[in-house]
Each structure stands twice: as C-alpha cells, then as structure tokens.
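What follows is calculated from the coordinates using simple rules that are stated; it is not laboratory data. The shown structure was predicted, so the numbers you read here are calculated from the model rather than taken from an experiment. Here Cβ is always computed from backbone atoms with ideal geometry, including for glycine, and neighbour counts include all displayed protein chains.
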C-alpha cells in the first residue's frame, strides 16, 4: 500500500471518529417534567333526576314511566331548559321471597333517569323542583363542570404553565452542571385532566331534595397538566 493511500485511510478514520464523537456529544440530553394545577370556576351544571315506579304489569309500569318522563321534560322546556337527555328505560320484574311461597312476582318496576345541563349555575334548585313536581322521586347527584370551550381554554393555559415549569427545571439542572441547554429534542404531553365537582344529595327525595338543592353552591374544579421536555446539551 503506497503512502498516499495510507494517508487517505488515516484521514478517513480520523474523520469518522470525529463525527462519532460529535454525534455522541450531541446525544447528551436533559429530560425533565413540568406540571401545573389550576383551580377554576365551573361554567356548567348537570342535574341527574330519576324515578322508579312499580305497577302490576309491564305495560302499566311502562305507561306510568312515559307519563312521568314526559311531565318532567315538558316542565323543563316550559322554563327554557332544552339540554336534556334521558337514559334508556329499565323494566324488570319486581319479586319478593317468603319461606312459604319462595320467590314470587309482585309487579313490574320501571326506572329512568333524566340529565339536565345548564350554564345558569343558580338554577339548580329550580331544575330539581321541576323534576320532583313532574314525578321524579330521586335526585342522583348535582355536578358542576366545565363546558367544552372552557375545558379547551384551561387546557391550553395549564399546558403552557407546565411547559414553563419544565423549562425552568431544565435550566436549573444545566446551570448546576455547568452546561448549556441546546435545542429541544422532544416534547410530549404526559397527562391532562380535570375532575368535576360532584355534590352527592343527602336528601334525595321529594320536598327535602328541593330544599337541599336550593342551598347547593358551585365549587372550584381542579385542572392538571404534565409536560415532558428533552433538551440536547451543548
């Protein structure tokens, strides 16, 4: 092998080693996570009102259920509540058991739940009153939450705060190590969510439920977000 070829091979090897060294240095990273927690006012409420009736036969139970649900929905619409959903009607045999006769059918039970949404948080008591007047005999719960628009708004704010937190952590780590941050290698949203405030009714029936619902006050909901950042180190 002549001298010229040896020099070329040597230069090639040196170049490859230098490139590998640069790549290895570039792959040094700092991996951090940032989180945020916001306590915000809800802008929407849900009321879950239900009823259950027992009649001698399935037809009578279903007819009575239809009568009640129509009365509840009609009363709500008269007061301009239009965001109403009903769960599927549950209809099944009601049985009792005695040692003498064993299991015996005593009728048919029909149950249904009506869910009402409103942006007027002060109208929860009125909704419960309308539902009870229409025939509801149980108030399952009252929930204060965020509308889709507000959820997206607070999501952006929470993620921005989480990203700021992650960046501050990375800068602190880099400074303590005597290095400088390079470009961001990856960004990932590891978690976002919020928990509605659910008020469990203690007095879930009749006039007592109406009276209790009138005193229910909305409470803040908590929005959380987490961001993971990976920085190159210069």
**Prompt:** Taking Cα pairs under 8 Å and at least six residues apart, what relative contact order does the chain come out at, in percent?
**Reply:** 33 percent
**Request:** Using only Cα atoms, tell me the angle between helix 3-26 and the longest principal axis of the chain; keep it within 0 to 90° and round to the nearest 10.
**Result:** 30 degrees
**Label-point gap, in nm, between residue 172 and residue 67 - each point 7 angstrom along Cα→Cβ** = 6.8 nm
**Request:** Compute the long axis of helix 148-177 from its Cα atoms, compare it with the longest principal axis of the Cα atoms of the chain, and write down the angle in degrees, 0 to 90, nearest 10.
**Result:** 30 degrees
**Fill in**
Most exposed first, judged by fewest Cβ atoms within 10 angstrom, 157, 59, 183 run 183, 59, 157
**Message:** Can you compute the modelled spin-label distance between residue 149 and residue 101, with each label point 7 Å from Cα toward Cβ, in nm?
**Reply:** 5.9 nm
**Request:** Only one of the values [x] 7, 31, 37, 21, 3, 0, 0; [y] 7, 20, 17, 14, 12, 10, 8, 5, 4, 2, 1, 0; [z] 7, 33, 40, 18, 1 was calculated from this structure for P(r) over Cα pairs in 10 Å bins from 0, in percent; name its label.
**Result:** [y]
**Asked** Using alpha carbons only, how many degrees (0 to 90, rounded to 10) separate the axis of helix 58-78 from the longest principal axis of the chain?
**Response** 70 degrees
**Complete:** For region 113-234, averaging the sequence separation of alpha carbon pairs under 8 Å that lie six or more residues apart and dividing by its residue count, the contact order in percent is 42 percent
**Request:** Return, ordered by residue number, the residues of region 217-231 whose backbone nitrogen is under 14 Å from a label point located 7 Å along Cα→Cβ of residue 31.
**Result:** 228-231
